[in-house]
1. Residue 195 fails exactly one of the following numbered conditions: (1) of a type in the set (Phe, Trp, Tyr); (2) in contact (Cβ under 8 Å) with a residue 12 or more places away in the chain; (3) farther than 21 Å from residue 99 by Cβ. What is the number of that condition?
2. Would you call residue 204 in the same structural domain as residue 85 (by TED's automatic domain parsing) and in contact (Cβ under 8 Å) with a residue 24 or more places away in the chain?
3. Would you call residue 279 of a type outside the set (Val, Ile, Thr), in a strand (DSSP E or B) and at pLDDT 90 or above?
4. Hey, can you tell me all the residues within the stretch 210-224 that are surrounded by fewer than 16 Cβ atoms within 10 Å (Cβ to Cβ) and assigned to a helix (DSSP H, G or I)?
5. May I ask you to say which residue of 46, 58 is assigned to a helix (DSSP H, G or I), hydroxyl-bearing (Ser, Thr, Tyr), more than 17 Å from the chain's Cα centre (by Cα) and assigned by TED's automatic domain parsing to the domain that holds residue 201?
6. Given the criterion over 26 Å from residue 171 (Cβ atoms), surrounded by fewer than 19 Cβ atoms within 10 Å (Cβ to Cβ) and among the small types (Gly, Ala, Ser), identify the matching residue among 82, 95.
7. Only one of these conditions is not met by residue 50: (1) acidic (Asp, Glu); (2) within 20 Å of residue 119 (Cα to Cα); (3) surrounded by fewer than 22 Cβ atoms within 10 Å (Cβ to Cβ). Which number is it?
8. Just a yes or no: is a residue in the stretch 217-228 of a type in the set (Ser, Thr, Tyr), without any contact (Cβ under 8 Å) to a residue 60 or more places away in the chain and in contact with a His (Cβ under 9 Å, 6 or more places away or on another chain)?
Amino acid sequence: MQKHDHHHHHHHHHDVKGKKLLWVTILNLAITVVQVVGGIVSNSLSLLSDALHNLGDSSAIFIAFLAGKRSHKEANEQKTFGYKRIEILAALFNGVVLIGICLYLFIEAYERFLHPEPIKGKIMFIVASFGLLANLISVVVLNKDKNDNLNIRAAYLHLLGDTFSSVAVIVGGLAIWKFGVFWIDPLITVLVGLYIIYHTWDVVKETVDILMQSTPANIDLSKIKNEVEKIEEIDNIHHIHVWKLDDTQIHLEAHINLAKNITMQQLMEVRAQAEEVLHQKFGIAHITLQAGYECCGTNPDLLAH
């Protein structure tokens, strides 16, 4: 017996999120073009590396947009769970790419420490300021939806990283323009990169946990066991498996061993009670319970899994 309490969002809501990601992609590409031109004119490696950062992020955000569109495709005989996990795969890819870009920036920063070059600080400052403004607009656009969806959160973190990168380049440009201080730019780049990796790691870890079908962090299996076994007709619940399909849908499957041999009608009522407990107390909407009487004997090893 299964309980499927689907939480379908309106297509309009998904379309709004999709359009936001598309506009952010276009804006980020515009930043990239301006920064490449500005980097060449000013001889600023930091602007060029920031442009590369933006280009990588534009690609990642566009992938997030495509994944979001694809994830709403209906389930079929081959993909019985649908395409929800495309968003999780995209979020993982985005997170890994962002960490990779940060590592590349560390190498660039090290090179700049060793071999500083003359830079036109004023041009660098102006172009980086434009980049900061555009990135701030993108961050504001996605801010509202960042906690609703792992994919959008990954894209948001990309943009937040770009925003801090722009600040680093602005500070570096100002320092070079006014004081000829070349070392401050790579220093800030390293600090920003560490900050981005620290926050992105959470997204990567969460996506890996979902793909490995780990028990969600907010679910305690012993508490599930205790609550379900409070139902008088249930002797024990075992073979409990809880996992996330995506970042919102929690699934559970388990065996329940009945305390006595009861009718099918009574069994349906008992399962309904168990499902209600699981739904109300643990927020689990997709539940599959197999029931029996003395179905797994009394072997404690079997009951523990």
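1. Tallying (1) of a type in the set (Phe, Trp, Tyr); (2) in contact (Cβ under 8 Å) with a residue 12 or more places away in the chain; (3) farther than 21 Å from residue 99 by Cβ, residue 195 fails exactly one: (3).
2. yes
3. The answer is no for residue 279.
4. 211, 221, 222, 223
5. 46
6. 82
7. In the conditions (1) acidic (Asp, Glu); (2) within 20 Å of residue 119 (Cα to Cα); (3) surrounded by fewer than 22 Cβ atoms within 10 Å (Cβ to Cβ), residue 50 misses (3) alone.
8. So in the stretch 217-228, the residues of a type in the set (Ser, Thr, Tyr) come out as 222.
Still in the running and without any contact (Cβ under 8 Å) to a residue 60 or more places away in the chain: 222.
From what is left, the residues that are in contact with a His (Cβ under 9 Å, 6 or more places away or on another chain) are none.
Within the stretch 217-228 (the criterion being of a type in the set (Ser, Thr, Tyr), without any contact (Cβ under 8 Å) to a residue 60 or more places away in the chain and in contact with a His (Cβ under 9 Å, 6 or more places away or on another chain)), the answer is no, since none of the residues qualifies.
The values are calculated or read from the model by the stated rules, or taken from the named source; none is laboratory data. Since the structure is predicted, the reported quantities are computational estimates derived from the model, not experimental observations. Using ideal geometry, Cβ is built from the backbone for each residue, glycine included, and neighbour counts are taken over all protein chains shown.
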